[in-house]
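Trainee: I'd like to ask you about the structure that follows.
Please treat every number below as a calculation from the coordinates, not as lab data. Remember, predicted model here, so these are calculated numbers, not experimental data. Every residue, glycine among them, receives a Cβ derived from its backbone with ideal geometry; neighbour counts consider all protein chains shown.
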Amino acid sequence: MRKTDVLRFAGGNFLRRKARSALTVLGVIIGTAAVVIMLSIGIGMNKGFEDQINSYGNIKEINVCERYGTINEETGEWEQNESRAPLDDITLADLRAIEGVEAVTPKSQYWGVMIKDNKEKASNAQIVGIDAASMEDFGYEILYGRLLNESDIGTNNFVMCFNMPFYFYEMRGGEEVYWHDSVEGEELPFNPVGDYRYQFTWYWNYGTGAVDTTRPRIKLVDGKCVGILAQKKGGDYSQEIYMDVKSVQELQKTLQANQDKYYGRGDEPSYGGVVVIKSDRAVIGGGISIGGSTTSDTDRKSIYDNITVLAKDPKKVQDIEKQIQEMGYETNSSMEWLTQLQEQTKFLRSILGAIGVVAFFVAAISIANTMVMSIYERTREIGIMKVLGCKLSDIRGMFLIEAAIIGFTGGVLGVIFSYGMSALVNMLAGKGGMSMMGIDAATSNLSVIPLWLDIAALILATAVGVLAGLYPAIRATRLSALEAIKNE
Amino acid sequence: MAEEVKTFTDSSPAKNKEAPMLNDTDLKTAPLNEQTDGGLRQASAVQPIEENIKDPNVSAKPAIVIKDLVKIFTIGKEKVRALAGINLVVNQGEIVCLLGTSGSGKSTLLNMMAGLEKPTKGTVTIYGERIDKMSERKLAMFRQKNMGFVFQSYNLLPNFTAIDNVGMPLAFSGVKRKVRDKRAKEMLKLCGLGKRMRHKPTQMSGGQQQRVGIARAFVGKPKIVFADEPTGNLDTRTTIEVMEMMVSMSRENHQTLVIVTHDTEIAAYADKIYHIIDGVISSVEDNTHKQIGVGSEEAAEIIRAAESV
């Protein structure tokens, strides 16, 4: 028999008993949808953790810093390291050489304050020196302007995070604080890229709450804001200004020197900062340098505060971390935290999955039942076909294909149905302000259906159909042709 | 199968009291009955079949050769002997009738000729192939190539049109839909159903259904067509029509036709009539001389007689 004919016979049987085929398919739809929905909630939960953790920091990122000491396992006491592995350019190269590492950037951070509107408004800012060329690799998203790139190395160009414009508060009014965290989707109060000129300085009269630019010999260094980052999902609380690391270090040195030369350091802490100028109204910001330096047994010295390593694959993060730790550094990553969270909810997720599997199993039984009933009904027909010389494999094929059609149709409709259900679940959870395992349903979807789940569900539904049809199909081939014809 | 044979050999003649008694005189009339002798002690008498064919009046090629065929059904503890040593040879192109009352074993014999049932003992050879030894798979292929069937209850598939029903054996042997539809249409026209081609069995009368059945049996030009009480459900006029159709078709293509019936009027169409009583061939009748011809006066007479009642 031709394959197309086997298919035609099977399809004909499927269509012939419309009500029964429809009910069986409905069973598969519910089974498939149940599995997909249950798994999608599990996936949504994991995704929620990921989103949440991603909003604090990329899960593929590993933060590398010096190991100042370790806790002695026997005594439980903190033991300071005599000499520490330094964070310098050699380290950078070493880290880049690790397999599975996508990008590496050094970081040097300085606390600063941005001042604008004639010294009346100020905003805290963390000036972060990074490898300008690596910004794209690290997945920063730009809203206006552009990200830093290789051309920015050695310049005072910087990129501001989305929140900065919201954080300015009235300095002189004292009480009147009007800064707030940006709400998702909120427009910027002003465009910090085009409308402003920026200058850095090292003087910050914190005590009186004002910056006196009239004092002599205050060195002002021009800077340029080239872009503003897009708002992070799930709440953006960042306060960073990104600049090329070498430029920041250079800038710090220049301004420090100016500060020391004209105002003396004495016991007072030294300050660094940014000046924001709009038209002729110049305002200055300043901050405390937290740049560290360290000694080691070699000539090498740490020149960066820390180093961030980006893994190609989140699954490799912990592997890479281990290797870096073996190099003598302290590491931490969001991945650790995420793994813990996911570990904790594993049980819940497996219960959800089990519910889906049970539903699927019921669907499989229903397919088998339908096919067995079909054989009872068609005993005579099968007998006639056998007598007329239909091969056993063709008879088996007809039943298997019919079962597969039921499974596949149910699978397709089930997947479509599950998208509707998933949307409903998300809408209800979002509206009810429901939060599950600490995930805010308003910001992360409770149910997430990835493409692989659809494909897997389809394959599974079809396979279950075929498996459920296997017994009836074999039974059909075993029917005695003679007995089948005899029954009137 | 092996098990069944074993059960049989275990049950020596003494144990076989329940089985119908064999009539020795009847056995003698059957061809090749020199060795039958009750037909029970010959399980090991495996000889080349060709040698055993001593039918004198046929020089033609044998199509079906049956030797010492025994079938015992075990119903509960009781053993019923449906066939008690059948020997017969059907030649290519012959029209043969197995005539007997219900329960005589004639249908069982037909089933075994068609390979639908396995014999307890004995052999069925068709064109030199032992079909009693074939696997189900091989049998399916063999039936596909060599056999056509006409049934008493038509056995058409209710959800298929006449064309699809007739084309079914062709579909099973892998003929393309276009080709088989064309052949099915030709066949249906030949059977006088040119206007009923797209009808389903339920939309047709018994006679029409049986004509579809005949078209289906002959469409693949099989060498042998088996007909089991083909007219059992039909009135006399239709019976004659159907019989004439089958006979003329098989004559035309020199096909072997084996008809099973209890009706002597149908038997009259055959070349040879085997009377079967209690599982043995009681007598063989060479019917070639008083045979009813297709469209003959006798046929018309039968119809007239039946309808005048």
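Trainee: To the nearest whole number, what is the average tally of beta carbon atoms from other chains within 10 Å of the beta carbons of peptide B:132-145?
Mentor: Details: counts 0, 0, 0, 1, 7, 4, 0, 5, 12, 2, 1, 6, 5, 1.
Whole-number average of other-chain Cβ neighbours for B:132-145 is 3.
Trainee: Label points 7 Å out from Cα along the Cβ direction at A:Asp94 and B:Glu186: separation in nm?
Mentor: For the pair A:Asp94/B:Glu186, the computed spacing is 8.8 nm.
Trainee: Another question, if that's okay. Starting from the Cα of B:Ser296, step 7 Å along the direction of its Cβ; do the same at B:Thr264; then give the gap between the two resulting points in nm.
Mentor: 1.6 nm
Trainee: Need the C-alpha centroid separation for the stretch A:452-479 versus the stretch B:155-207, integer Å.
Mentor: So the two Cα centres are separated by 32 Å.
Trainee: Something else about it: Between B:Lys61 and A:Leu482, what's the calculated FRET efficiency when r is the beta-carbon distance and R0 is 25 Å? Round to 0.05.
Mentor: Values: r = 28 Å, r/R0 = 1.13.
Using R0 = 25 Å, I get an efficiency of 0.30.
Trainee: Between the stretch A:1-72 and the stretch A:297-358, how far is it from one alpha carbon centroid to the other, in angstrom?
Mentor: Cα centroid to Cα centroid, the span is 25 Å.
Trainee: Across peptide B:166-175, what mean number of C-beta atoms from other chains lies inside 10 Å of a residue's C-beta?
Mentor: Values: counts 0, 1, 8, 5, 3, 10, 11, 6, 6, 3.
What the average comes to for B:166-175 is 5.
Trainee: What lysines sit close enough to B:Lys195 to cross-link, taking a C-alpha to C-alpha distance under 17 Å and skipping anything fewer than 8 places away on the same chain?
Mentor: Answer for B:Lys195, where 17 Å is the Cα cut-off: B:Lys182, B:Lys185, listed by chain and number.
Trainee: Between the stretch B:225-284 and the stretch A:91-157, how far is it from one alpha carbon centroid to the other, in angstrom?
Mentor: When both Cα centres are located, 99 Å separates them.
Trainee: May I pose another question? Checking the a/c ratio against 1.5 first, then a/b against b/c, what shape does the Cα gyration tensor give for the stretch B:63-156?
Mentor: Numbers: a/c = 1.38, a/b = 1.30, b/c = 1.06.
Here the stretch B:63-156 falls in the rounded category.
Trainee: Additional query: Per-residue mean of other chain beta-carbon atoms within 10 angstrom of the beta-carbon, peptide A:380-387? Intermediate values should be presented prior to the final figure.
Mentor: On the way: counts 4, 6, 0, 2, 9, 6, 6, 13.
Per-residue shielding by partner chains comes out at 6.
Trainee: Run the quick spin-label model on A:Met327 and A:Glu77: label points 7 Å from Cα toward the beta carbon, then report their separation in nm to one decimal.
Mentor: Taking the two extended label points, one gets 3.2 nm.
Trainee: If a paramagnetic tag sat 7 Å from the Cα of B:Asp235 along the Cα-Cβ line, which residues of the stretch B:198-214 would have the backbone N under 19 Å from that point?
Mentor: Counting backbone N atoms under 19 Å from the label point, the list is B:203-212.
Trainee: 5 Å is the cut-off here: which amide hydrogens, built 1.01 Å from N in the peptide plane, fall below it relative to B:Ser282, excluding neighbours closer than 5 in sequence?
Mentor: Residues meeting the amide H criterion: B:His275, B:Ile276, B:Ile277.
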